[in-house]
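Just below is one structure, and these are the notes that go with it.
The values are calculated or read from the model by the stated rules, or taken from the named source; none is laboratory data. Bear in mind the structure is a predicted one, so any value in this text is a computation, not a measurement. For neighbour counting, all protein chains shown are included, and Cβ atoms are generated from backbone atoms with ideal geometry for every residue, glycine included. Side chains included, ligands, DNA and RNA excluded: accessible areas come from the protein's heavy atoms. Shrake-Rupley method; radii C 1.70, N 1.55, O 1.52, S 1.80 Å.
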Amino acid sequence: MNTVWIVLPVLIALMFQLGIELDREAFAGVARRPAAVVAGLLGQLALLPLIAFGVGLAFRLPPVYFLGLLLVACCPGGSSSNVFSMLAKGDVALSVTLTALSSLITLFTIPLVMGFGCNVPAIMATRTIESRSSRLITVLLPMLCGALFRHWRPRAARRVHELLGRVAFPALMLLAAVFFVQYASTILENLGVLGLAAGALILLAMAGGSLLARLFRLRRAVRRTIVIEVGMQNAAQAIAVAT
C-alpha cells in the first residue's frame, strides 16, 4: 500500500483548515501578549526538540527511531490543540496564534534540526536522510489557499471550517490505524522501548511547558494553553515528512 495517498489528503485538509483560521487576529496576538507567544514558541521550537534528543539518548534508540522521535518533536502544534485548549478552558486565541506561527516557522527549522540530527554520532549509523525546505514549503500552499478562501468567501469558509473540524480527528485516527496495521509487526516488536520513549517525551514536554510558563509568570489559562501546545504536535505532518 502506498500510504502517501492517505497521508497527503489528510495533511492537505488539516493545513487548509488551519489556513481558514488565519486572519489578522491570529497574528495580532503577538503584539497583545508577547511574553506568552515567546514562551510558547520557545517550548515548541527549542525545548521540545532538546527533550526528544535527550530521550533518544537516554533510551539508546536505534537511529531510525531516534530520528522519528526527533521529527515528531520538530513539527508544529496541530489544529487539534486549539480544540483541546477550548476544552481545558485555556486561551484559545493564543493557541491559534502559536499554531499559526509554529506552522510557518517549522517549515524552515525541520530541515535544520533533522540535518543536525543526522550528523550526530549517536544517529549517524542510519542512511543519509535528505530534508529540503523547498519540499516542505508545499505544506504552506493549502494553508495559503485556506486563508485566501476565507478572505474571498468568508461565509462559505466558516461552513467548510466547521465540516473539517468534525472530520479532522477521525481522519487522524484513520491515519494512525492504517500505519499501525501496515507496521504492526515492527511496532509490536519495539513497543516496550518506543512506548516508554514516546510516553517520556509527552510527560517531559508537558512538564517543560508548564515550567516555562511559570518562569514567564503567565496566568493559569495561558499556562494550560502552553502545556497543550508544547505537548501536542501535528502528527499528520510528521507522518508525511517521514513518508
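For the chain, which whole-number percentage of the solvent-accessible area (1.4 Å probe, protein heavy atoms only) is attributable to carbon and sulfur atoms?
That fraction is 70 percent.
Give me the distance between the Cα centres of the range 161-194 and the range 37-56, rounded to whole Å.
24 Å
Between L188 and A207, with labels modelled 7 Å along Cα→Cβ, what's the label distance in nm to one decimal, could you check?
A separation of 3.3 nm, rounded to one decimal place.
Please give the per residue accessible area of the chain, computed with a probe of 1.4 Å over protein heavy atoms only, in Å².
Result: 53 Å² per residue.
Just the Cα atoms of the chain: what Rg and Dmax do they give in Å?
Every Cα atom of the chain included, Rg and Dmax give 17.6, 53 Å.
Compare R214, R224 by solvent-accessible area with a 1.4 Å probe and give them largest first, with all protein chains kept in place.
So, going from the largest accessible area down, we get R214, R224.
Full-extension gain between R155 and L141, please, as 0.36 nm times their residue separation minus the C-alpha to C-alpha distance.
So the extension gain works out to 2.9 nm.
Quick one: what do you get for the range 75-115 if you divide its Cα Rg by 2.2 N^0.38 Å?
Dividing the Cα radius of gyration by 2.2 N^0.38 Å gives 1.31.
If contacts are Cα pairs under 8 angstrom and at least 6 residues apart, what is the relative contact order of the chain in percent?
Computed value for the chain: 39 percent relative contact order.
Give me D for the range 6-113 in µm² s⁻¹, whole number, from Stokes-Einstein with Rh from the Kirkwood sum over alpha-carbon pairs, 10 °C and 1.306 mPa s.
106 µm²/s
Which sequence of V241, V64 reflects their accessible areas, 1.4 Å probe, from the largest down?
The ordering from most to least exposed comes out as V64, V241.
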